[in-house]
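The values are calculated or read from the model by the stated rules, or taken from the named source; none is laboratory data. This one's a predicted model, so the numbers in the text were calculated from it and none came from an experiment. Because the Cβ atoms are built from the backbone with ideal geometry, glycine has one as well, and the counts that use them run over all protein chains shown. Calculation scope for accessible area: heavy atoms of the full protein, side chains included, ligands and nucleic acids excluded. Shrake-Rupley method; radii C 1.70, N 1.55, O 1.52, S 1.80 Å.
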Amino acid sequence: GALLHLTMVKLALHNVKNFFPIAGLEFSELPVTSPLGIAVIKNLENWEQILQEKMDQFEGPPPNYINTYPTDLSVGAGPAILRNKAMLEPENTPFKSRDSSAFPVKRLWHFLVKQEVLQETFIRYIFTKKRKQSESIEEHVEQVNQNCIAEDCHIKVEADLGYPGGKAKVIHKESDMIMAFSVNKANCNEIVLASTHDVQELDVTSLLACQSYIWIGEEYDRESKSSDDVDYRGSTTTLYQPSATSYSASQVHPPSSLPWLGTGQTSTGASVLMKRNLHNVKRMTSHPVHQYYLTGAQDGSVRMFEWTRPQQLVCFRQAGNARVTRLYFNSQGNKCGVADGEGFLSIWQVNQTASNPKPYMSWQCHSKATSDFAFITSSSLVATSGHSNDNRNVCLWDTLISPGNSLIHGFTCHDHGATVLQYAPKQQLLISGGRKGHVCIFDIRQRQLIHTFQAHDSAIKALALDPYEEYFTTGSAEGNIKVWRLTGHGLIHSFKSEHAKQSIFRNIGAGVMQIDIIQGNRLFSCGADGTLKTRVLPNAFNIPNRILDIL
């Protein structure tokens with residue numbers, strides 16, 4: 001990755017310098033004729049220098065980086081020519097994966113190595129520097145393939161294999177825990193989040209644009225510094241500006257070099273669209289079509305807002321009710337449901353004009369608390385999870401029947417209660433998590449529990465399903481996040497201490513509070529460590545099935 005970064009910057013600098021004479025601009029006159037042009041050149045030269053220094057820190061390429069001799073040795077030539085020939089071979093790249101997702105970076109590699117202006121750089125860093133003999137190959141990324149499995153070699157979880165999913169990016173940091181968030185489904189570059197003292201709407205376009213492969217400053221991630229080292233609440237820093245952040249800690253640009261930074265900027269580089277003075281919001285959800293979102297608070301109030309509009313649109317539930325445990329819109333967006341700590345589920349029509357609208361349905365689903373629910377159909381069939389005295393902690397309900405007879409089926413599961421629930425409509429499966437760390441998977445057509453397994457050693461506090469229903473994620477009270485294959489239930493990724501719980505003196509909350517997955521395998525999560533993070537997960541099928549079976 002570092003070598004590709006360097007060569008791309010070198011090529012861009014070479015092309016820019018060649019362009020100006022063609023355009024009739026003399027280099028010596030650029031400061032007058034094109035101040036922006038000279039600024040671009042200076043910036044590229046600065047990047048080139050920093051990346052060059054970064055490359056020079058390596059003792060050489062990893063073992064088996066590429067084949068250093070061509071496959072056809074019948075051609076009589078000197079070592080230098082043979083090495084150059086090997087470098088240009090179509091199959092000879094550092095990227096060994098045969099998955100289609102690796103094709104673009106392979107094509108980029110081939111394009112760059114064929115550029116005459118770059119060949120000296122490639123030869124210098126691939127062939128002329130040797131790693132120390134004492135350096136263990138085990139320290140480097142293992143290339144896992146079918147042959148390796150056949151030889152019973154050491155298998156790692158996919159997140160350990162050097163994929164971009166192995167590193168999270170902090171989108172926002174609070175001194176206290178982040179209780180909930182929601183991605184704007186009408187514009188996935190906008191996120192609303194809730195801390196204990198306010199609700200903030202953020203534009204994170206610049207942060208998401210560089211997530212898959214961090215272009216600049218990858219090693220200067222916030223996770224590499226302790227919380228005592230950085231003031232996360234500062235109004236303007238450049239640690240996470242993706243297009244102008246430095247490549248190293250010693251090269252942080254001052255704010256004056258970033259004229260587009262405004263005062264409404266968080267310390268991570270997100271733009272603050274709006275702050276709302278709402279306290280103790282516990283749950284949030286976005287409308288499936290329009291730019292609306294719901295907030296549910298500890299005091300029981302439920303409000304609907306439009307993005308960037310100061311006034312609330314409607315207050316579905318006043319303060320003074322039981323605490324909100326979960327809320328969602330249905331898939332059409334014309335109804336919304338709210339579960340609460342007294343075991344009730346209430347459903348409203350969204351298009352309301354009344355100042356204090358009443359739910360058109362409300363019934364007690366669980367005797368102690370309803371923790372989560374899911375609309376199975378538009379709104380007529382609903383699944384709930386919670387804690388009941390009879391231990392029927394996951395239930396199916398028909399809302400078209402009177403509340404006294406609306407229970408279709410109750411599953412006996414999850415001692416001490418179920419905490420989270422998700423529905424996979426394509427496969428018609430219910431996934432639930434419980435206080436003891438178990439996951440249960442139900443087939444709602446057969447109304448049967450088809451599989452259960454221990455996912456965590458502590459309570460499962462968050463659950464999310466990817467849009468294609470290939471995998472789901474669980475987050476625990478200990479702060480760990482795990483990614484599981486929906487078919488076969490094998491572990492794909494494990495991210496330990498992603499949102500480690502606070503000490504007993506800081507907050508009653510603990511661990512992962514919420515997880516969401518959007519298109520492109522992008523995972524968002526927040527928790528008791530006060531961070532909202534994102535990472536891009538690699539394709540769940542990048543590694544063979546047998547690896548997941550072993551895991």
Where a ≥ b ≥ c are the square roots of the eigenvalues of the C-alpha gyration tensor, would you call region 293-374 rounded, which needs a/c under 1.5, or, failing that, prolate if a/b is larger than b/c, or oblate? prolate
If you count the DSSP beta bridges with both ends in region 341-475, what percent of them are antiparallel, to the nearest 5? 100 percent
Between ALA186 and THR412, what is the spin-label point distance in nm, taking each point 7 Å from the Cα along the Cα→C-beta axis? 4.8 nm
Determine how large the accessible area of HIS438 is when every protein chain is in place; take a 1.4 Å probe and give Å² rounded to the nearest 10. 70 Å²
Can you give me the % of accessible surface on region 406-466 that is carbon or sulfur? Probe 1.4 Å, all protein chains present, nothing else counted. 44 percent
Please give me the summed charge of the neighbours of HIS110: other residues whose Cβ is under 13 Å from its Cβ, Lys and Arg +1, Asp and Glu -1. +1
Rounded FRET efficiency, nearest 0.05, which uses the C-beta distance separating GLU120 from SER34 and R0 of 41 Å: 0.90
Amide H proximity to GLY437 below 5 Å, modelled H, separation 5+ or other chain, gives ILE460
Calc'd 3J(HN,Hα), region 517-527, phi into Karplus 6.51 cos²θ - 1.76 cosθ + 1.60 (θ = phi - 60°), Hz, glycine/Pro = x, comes to 10, 10, 4, x, 6, 8, 10, 10, 8, 9, x
In nm, spacing of pseudo-spin labels at LYS106 and ASN15 (7 Å Cα→C-beta vector): 2.3 nm
Ordering of 26-34, 285-293, 333-341, 118-126 by burial proxy (mean other Cβ atoms within 10 Å per residue, highest first): 333-341, 285-293, 118-126, 26-34
Using the Cα gyration tensor of region 355-512, the equivalent ellipsoid's semi-axes, largest first and to the nearest Å, work out to 27, 20, 14
Local electrostatic count, GLY343, Cβ distance below 14 Å [Lys/Arg +1, Asp/Glu -1]: 0
Please give the length that would be gained between GLN448 and CYS315 if that part of the chain were fully extended, namely 0.36 nm times their separation in residues minus their C-alpha to C-alpha distance (nm, one decimal). 44.0 nm
